[in-house]
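In what follows, a structure is listed as structure tokens, so that the remarks can point back to it.
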Amino acid sequence: MTTTTAPAPTSRRTLWALQIVLGLFFVIASASPKLFGEPSAVQIFAQIGAGDWFRYFVGCVELAGGIGLLIPRLAGAAALGLVGLMIGATFTQITVFDAPPVTITPVVLGVIAGGIAWVRRAEIAVLVGR
């Protein structure tokens, strides 16, 4: 059995700061345009060819992930879900839009979310174990 120690107070503050910034980004800058039908978001999802249902689905996943990052019990699982979403976004940027340089945004967001998920892995294990 492995024991883990709690992160230092400075580390906890840094982790929460990252979670808050990332959560607000996903709620305000990423989910809102999709859910409110901003023309650029509509156009992007039309190019993907999946239709409005997929735009709403991705917007809801981003909204849930962003809110989840702000809830201590769900933060790790939310971060892990956002990693999966960013893997999909990166794949779509490369294959559908043929724009590898644009993948920097989902890659960076995915790495940050991955770091949060890694630090909160014990909490994810507890949540999954229920």
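Of note:
- Heavy atoms of the protein chains alone define the surface here; on that basis region 1-112 has 60 Å² accessible area per residue at 1.4 Å probe size.
- Rel. contact order, % - alpha carbon contacts under 8 angstrom, at least six apart, the chain: 24 percent
- Protein accessible area in region 26-94, 1.4 Å probe - carbon and sulfur %: 74 percent
- As computed over the chain, the Cα convex hull volume per residue (Å³): 116 Å³
- When +1 charges are put on Lys and Arg Cβ atoms and -1 charges on Asp and Glu Cβ atoms, the dipole computed for the chain relative to its Cα centre reaches about 520 debye.
- Among residues other than ARG55 with Cβ under 12 Å from its Cβ, the summed charge is -2 (Lys and Arg +1, Asp and Glu -1).
- Local charge for ALA29 was computed over the other residues whose Cβ lies under 14 Å away, with Lys and Arg +1 and Asp and Glu -1, and equals -1.
- Computed from Cα positions, the angle between helix 104-119 and the longest principal axis of the chain comes to roughly 20 degrees.
The values are calculated or read from the model by the stated rules, or taken from the named source; none is laboratory data. Predicted model only: the values in this text are computed from it and were never measured. With ideal geometry, Cβ positions are generated from the backbone for all residues, glycine too; neighbour counts draw on all protein chains shown. Heavy atoms of the whole protein, side chains included, go into the accessibility calculation; ligands, DNA and RNA do not. Shrake-Rupley method; radii C 1.70, N 1.55, O 1.52, S 1.80 Å.
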